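The values are calculated or read from the model by the stated rules, or taken from the named source; none is laboratory data. The shown structure was predicted, so the numbers you read here are calculated from the model rather than taken from an experiment. Cβ atoms come from the backbone with ideal geometry, glycine included; neighbour counts cover every protein chain shown. For accessibility, only protein heavy atoms count, side chains too; no ligands or nucleic acids. Shrake-Rupley method; radii C 1.70, N 1.55, O 1.52, S 1.80 Å.
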Amino acid sequence: MEQMHTREEKMEAFGRLLDVMDRLRVECPWDRKQTNESLRPNSIEEVYELCDALIKDDQHEICKELGDVLLHIVFYSRIGEEKGQFDIADVCNKLCDKMIFRHPHVYGEVVAKSAEEVLDNWEQIKQKEKDGNKTVLSGVPNSLPSLIKAYRIQDKARHVGFDWEDKQDVWAKVREEIDELEEELRREDKVCSERELGDFLFAVINAARLYHLNPDNALEMTNQKFIRRFNYIEQHSIKAGKPLTEMTLAEMDALWNEAKSKEKQSMK
């Protein structure tokens, strides 16, 4: 582990970052021409790369990717400063003011004995803010990936009491939705089938939330598992000099099960 820095060293490092950004914005042709619009796609990519590092629990990569995300925050703040709109101090102060306002159990007299109570208070406080969300669901970004968006809107509805009284009741809804999906598939109605598929996925995500499981994390673990096992099949096909397109499904299944067995042994 690297040596932890003092508060003064942390402040010095942040000041160094601002100095680097100021110089790059003036002297580098690429940095100089960037705008909010041109940076936005890169920012999205950097956040996803951070997510990859977090999933891998690779501390070196997490540190590096956090730096890349921080660079974009400083970059947008510098652009805002050039336009006379705001600077990095405004960003930090607004964040601190918001966090203090939303933590009355720390900075005020409100009592919150559990993380659940903190979250319930958080949603109510957000709607009381001067520039806060006007409706319960307005704080969910439209551009969120659909799976994450479904989880977030369900969770926000829960904070105002719109939720299942007994989490086990959700399974009846899941079964109902898959029955309706199967019915539309039998009818070969693509439009209705897609709609029912959405309803089924929404119900499964709801079930995951009720059982305190993160569906996005769960699906990504399965994605990674599939990649590992499929790569195992492909590697063996290369060694055997036999393209995947020439392998039978039975041969691929056998290698898949072999990869699965090896994974289980390595976990013991």
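Quick notes on this one:
- In degrees, nearest ten, helix 249-267 long axis to first principal axis of the chain (Cα): 50
- Debye, to nearest 20: dipole size of region 149-268, +1 on Lys, Arg Cβ, -1 on Asp, Glu Cβ: 880
- To the nearest ten degrees, helix 59-82 and the longest principal axis of the Cα atoms of the chain are 50 degrees apart.
- For G139, residues with placed amide H under 5 Å, excluding near neighbours: none
- Only one residue of Q168, I100, W256 has its Cα farthest out toward the positive end of the dipole of the chain, where Lys and Arg carry +1 and Asp and Glu -1 on Cβ, and that residue is I100.
- 3J(HN,Hα) from dihedral phi, region 183-188, Karplus parametrisation 6.51/-1.76/1.60, rounded to Hz, x for glycine, proline: 4, 5, 5, 5, 6, 6
- Straight Cα distances below 27 angstrom link K239 to the lysines K225, K260, K262, K264, with same-chain residues fewer than 8 positions distant left out.
- One chain, two ends: I44 and K10. Fully extended at 0.36 nm per residue, the span grows by 9.6 nm beyond their Cα-Cα distance.
- With a 1.4 Å probe rolled over the protein heavy atoms of all chains, the accessible area of W256, W164, W30 falls in the order W30, W164, W256, largest first.
- Those aspartates and glutamates that a straight Cα-Cα span of less than 17 Å connects to K242, excepting residues fewer than 8 apart in one chain: E234, E251, D253
- Cβ-based net charge around V140, under 11 Å, with every Lys or Arg adding one and every Asp or Glu removing one: +2
- Label point of D57 set 7 angstrom out along Cα-Cβ; within region 1-39, amide nitrogens under 20 Å from it belong to 1-2.
- Set of lysines with alpha-carbon distance to K33 below 19 Å, sequence-local pairs under 8 removed: K83
- For the chain, the longest principal axis of the C-alpha atoms and the axis of helix 215-240 are separated by about 60°.
- Stretching the chain fully between V91 and K225 yields a gain of 44.3 nm (0.36 nm per residue, less the alpha carbon separation).
- Overall form of region 207-268 per C-alpha gyration tensor (a/c, 1.5; a/b vs b/c): prolate
- Of C28, C63, C92, the one that fluctuates the most in a GNM where the chain has Cα springs shorter than 10 Å: C28
- GNM flexibility winner over the chain from N257, N121, N142 (Cα, springs under 10 Å): N257
- The string of couplings for region 148-164 from the Karplus curve (6.51, -1.76, 1.60, θ = phi - 60°) is 5, 4, 4, 4, 5, 6, 5, 5, 5, 4, 4, 5, 10, x, 8, 7, 5 Hz, one whole number per residue in order, with x for Gly and Pro.
- Net charge dipole size for the chain [Lys, Arg +1 and Asp, Glu -1 on Cβ; Debye, nearest 20]: 340
- Taking a ≥ b ≥ c as the square roots of the eigenvalues of the alpha-carbon gyration tensor, the chain is classed oblate because a/c is 1.5 or more while a/b is no larger than b/c.
- Residue-normalised accessible area of the chain, given per residue in Å² at a 1.4 Å probe: 73
- Taking a ≥ b ≥ c as the square roots of the eigenvalues of the alpha-carbon gyration tensor, region 6-48 is classed oblate because a/c is 1.5 or more while a/b is no larger than b/c.
- The chain, accessible surface, carbon-and-sulfur percent (1.4 angstrom probe): 57
- With K and R counted +1 and D and E -1, the other residues having a Cβ less than 11 Å from that of K225 yield a net charge of +1.
- Distance (nanometres) between label positions extended 7 Å along Cα→Cβ at A250 and L213: 3.4
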